[in-house]
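**Q** The structure follows.
The values are calculated or read from the model by the stated rules, or taken from the named source; none is laboratory data. These numbers were taken from a predicted model, which means no experiment stands behind them. We place every Cβ from the backbone using ideal geometry, glycine too, and count neighbours over all the protein chains shown. These area figures cover heavy atoms from the full protein model, side chains too; ligands, DNA and RNA do not enter into them. Shrake-Rupley method; radii C 1.70, N 1.55, O 1.52, S 1.80 Å.
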Amino acid sequence: MTAGPKSKRLFESAQEVLVGGVNSPVRAFRAVGGTPLFIQKAKGCRMLDVDGRWYTDFCLSWGPMILGHAHPKVVMAVQKAIREGTTFGAPTEREVQLAQKISEALPSVQQVRFTSSGTEAVMSAIRLARAFTRRNKVVKFIGSYHGHVDQLLVKAGSGAATLGIPDSEGVPDSWAQDTLCLPYNSPKAVEEAFGRWGNEIACVIVEPVAANMGVVVPQAGYLKFLRDMALKHKALLIFDEVVTGFRLAYGGAQTVCGVDPDLTCLGKIIGGGFPVGAYGGRKEIMEKVAPTGPVYQAGTLSGNPVAMAAGIETLTLLKEKDPYPHLARLTTWLANGIRERGLRYGIPLQVNHTASVLTVFFTDRPVVDWESAKSSNTDRFASFFHGLLRQGVYFPPAQFEAAFLSSAHTPYDIERVLQAIDKSLTSVGGRKHPEAKVPSQSKIARPHKVPAGL
Ligand code: KE4
């Protein structure tokens, strides 16, 4: 549909040697159709594909690039680190510095362990929660993704409080049976699960703002409810902040909603574009991890100085510049502009957003969980995506993902993408109703009450 000849040629040869031509499934454009663009380079909020076409980027590598691509200060910090050697398999000062920054930003995180991906961080946090509580069951939420962790690649059983079934080949039934998959934003389902399995549940893992069913914010009081339920049943509460960490605020969702989890998983932004994950929490829990405790976890490149340098510079700039109010304003402007256009073109759509994450769902139902998210018209999303791509706007190539903004995006970029959306909505089958009474931005109804704090 929209890829140039060089991307097409590259994708052909890529598929010979790389599974599906990619190193992560979502990059293959299977959710939206067409050939994935091969990217040559990126700077700020712009990406250049191998056919010489520029795009305004709202995928930002699925979240890490909150300062925009190739930020000069991050590049300089990485260049300095590389010249000193890239990895020693020995402790370095930069690991301490980045861990201190994370702990200062997230008071619930007294100690940190770095990994090389968010998946590793989540896998390790689950293992640690099971060891600390001496229990096996894990509660996760339908539609949430926490990396390709075997025991979380699980779908809901028949009833809310029934045991999970594998959601990927290669995951043994026995491993899935310790995972309970509950609907997000449903306190009743959590009460049922704890009522039935309470003293066997090691932890509840939750995306404090879901981003992997598209953006779905927690309903008012929901996170506090999970905190109270976990405490009551002596289970651990794990916030998977791989997306929300340093995205929703300097620190993350927990600093916005005022709920302290027992363990936090991080990734993406803390690596500044390099492979970094982390998990952390109270010392009494973390000291169970080797070498101070019996929970084994390790990694050749965990905490390597180059990735640490990128993370340190990124968090330093985020703290110094505090781009969060600017990002929230731009994102709200974009969200309201899309809502207005949906009304004007007579296309039912929902825009869920908070801070600098946003998802457009083509449905007339408010999207508050996986059930309502999957009711959206994904064919319309695919047309919307390609309509934008043809105009040089790169949204995430999948409905059930978040679009991201960076401090490199400007009001000009929002104006431009709204103009592109005007055209793209006609390709979705919308007809402009010039006489449509479009309420002013301030009056556009929000599909659901965003809870105080988020
Ligand atoms: P990684 O292993 O990809 O670094 O992180 C896994 C992960 C953990 N937790 C949450 C909430 C996540 O969103 C992710 C990964 N996010 C996806 C996009 N939703 C990464 C993109 C991809 O899989 O290629």
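**Q** What are the principal axis extents of the Cα atoms in the chain, in Å, biggest first?
**A** 64, 55, 45
**Q** Determine which residues of the range 55-76 fall in the zone a paramagnetic label at residue 321 would reach in this model, i.e. backbone nitrogen under 18 Å from the point 7 Å along Cα→Cβ.
**A** Label zone hits: 56-76.
**Q** Among the listed pairs 137/234; 155/374; 43/80; 6/73; 41/423; 268/319, which are separated by more than 22 Å between their Cα atoms?
**A** Result: 6/73; 41/423 exceed 22 Å.
**Q** In addition: Which listed residue (215, 124, 110) has the Cα farthest towards the positive end of the charge dipole for the range 72-320, taking +1 on Lys and Arg C-beta and -1 on Asp and Glu C-beta about the Cα centre?
**A** Farthest along the dipole direction, towards plus: 110.
**Q** Next question, about the same structure. Separation of the range 233-261 and the range 277-309 by C-alpha centroid, Å?
**A** Measuring centre to centre over Cα atoms gives 18 Å.
**Q** Work out the length of the dipole vector of the chain about its Cα centre, built from +1 on the beta-carbon of each Lys and Arg and -1 on the beta-carbon of each Asp and Glu, and round it to the nearest 20 debye.
**A** The dipole magnitude comes to about 880 debye.
**Q** Then there is this: Rounded to the nearest 0.05, what FRET efficiency do residue 371 and residue 148 give with R0 = 25 Å and r taken as the Cβ-Cβ distance? Could you check?
**A** Efficiency at R0 = 25 Å is approximately 0.60.
**Q** Which percent, to the nearest 5, of DSSP beta bridges fully inside the chain are antiparallel?
**A** Taking every DSSP beta bridge within the chain, about 60 percent pair in antiparallel fashion.
**Q** Please compute the contact order of the range 72-320 in relative form: average sequence separation of alpha-carbon pairs under 8 Å and at least six residues apart, divided by the residue count, as a percent.
**A** 29 percent
**Q** Which ³J(HN,Hα) values, rounded to whole Hz and listed in residue order, are derived for the range 287-297 from phi using the Karplus coefficients 6.51, -1.76 and 1.60 in 6.51 cos²θ - 1.76 cosθ + 1.60 with θ = phi - 60°, glycine and proline given as x?
**A** Taking θ as phi minus 60°, the curve returns 6, 6, 8, 4, x, 8, x, x, 8, 7, 6 Hz for the range 287-297.
**Q** Quick one: grab Rg to one decimal and Dmax as a whole number for the range 123-251, Cα atoms only, in Å.
**A** Over the range 123-251's Cα set, Rg and Dmax evaluate to 13.6, 40 Å.
**Q** Within the range 159-256, list the GluC sites (Glu not before Pro) lying in a DSSP loop whose Cβ has at most 12 other Cβ atoms in a 10 Å radius.
**A** 169
**Q** Calculated FRET efficiency, residue 343 and residue 162, Cβ-Cβ r, R0 51 Å, to nearest 0.05?
**A** Efficiency at R0 = 51 Å is approximately 0.80.
**Q** At most 14 other Cβ atoms within 10 Å plus a DSSP loop assignment makes a site exposed; report the longest stretch of the chain without any exposed chymotrypsin sites (Phe, Trp or Tyr not before Pro).
**A** Counting at most 14 other Cβ atoms within 10 Å as exposed, the longest clean stretch of the chain is 89-295.
**Q** If each residue of separation counts as 0.36 nm, what is the full-extension length gain between residue 136 and residue 73 once their alpha-carbon separation is subtracted?
**A** 18.2 nm is the gain from fully extending residue 136 to residue 73.
**Q** In whole angstrom, note down how far apart the Cα centers of the range 342-377 and the range 26-86 are.
**A** 27 Å
**Q** Per the 1.4 Å probe, what fraction of the accessible area of the range 72-320, in percent, lies on carbon and sulfur atoms?
**A** 54 percent
**Q** With θ taken as phi - 60° and the coefficients 6.51, -1.76 and 1.60, list the Karplus ³J(HN,Hα) couplings across the range 72-78 in order, rounded to whole Hz; mark glycine and proline as x.
**A** Running phi through 6.51 cos²θ - 1.76 cosθ + 1.60 with θ = phi - 60° gives x, 6, 5, 4, 5, 5, 5 Hz.
**Q** Let me ask something else. So, R0 is 60 Å and r is the distance between the beta-carbons of residue 90 and residue 378; what FRET efficiency does that work out to, to 0.05?
**A** 0.80
**Q** Sketch the reach of a paramagnetic label on residue 192 as a point 7 Å from Cα along Cα-to-Cβ, and name the residues of the range 351-384 whose backbone nitrogen lies under 15 Å away.
**A** Under cut-off, by backbone N: 370-371.
**Q** How large is the direction-averaged shadow of the alpha-carbon convex hull of the range 72-320, in nm²?
**A** Result: 13.1 nm².
**Q** Take the cross-link list 140/224; 224/321; 232/283 and give me the ones stretching past 25 Å between alpha-carbons.
**A** 224/321
**Q** Enumerate by residue number the GluC sites (Glu not before Pro) in the range 56-117 meeting two conditions: DSSP loop (anything except H, G, I, E, B), and at most 13 other Cβ atoms within 10 Å of the site's Cβ.
**A** Loop-located and lightly packed - 84.
**Q** In debye, nearest 20: dipole of the range 72-320 around its Cα centre with unit charges on the Cβ of K, R (+) and D, E (-)?
**A** Dipole about the Cα centre, nearest 20: 300 debye.
**Q** Sort 302, 13 by accessible area with a 1.4 Å probe, largest first.
**A** 13, 302
**Q** So for the chain, averaging the separation of alpha carbon pairs under 8 Å that are six or more residues apart and normalising by length, what relative contact order in percent results?
**A** Here the relative contact order equals 21 percent.
**Q** Next question, about the same structure. Pull out the extension gain between residue 82 and residue 26, defined as 0.36 nm times the separation in residues minus the alpha carbon to alpha carbon distance; nm, one decimal.
**A** Gain on extension, residue 82 to residue 26, equals 17.1 nm.
**Q** Full-extension gain between residue 48 and residue 228, please, as 0.36 nm times their residue separation minus the C-alpha to C-alpha distance.
**A** 60.0 nm
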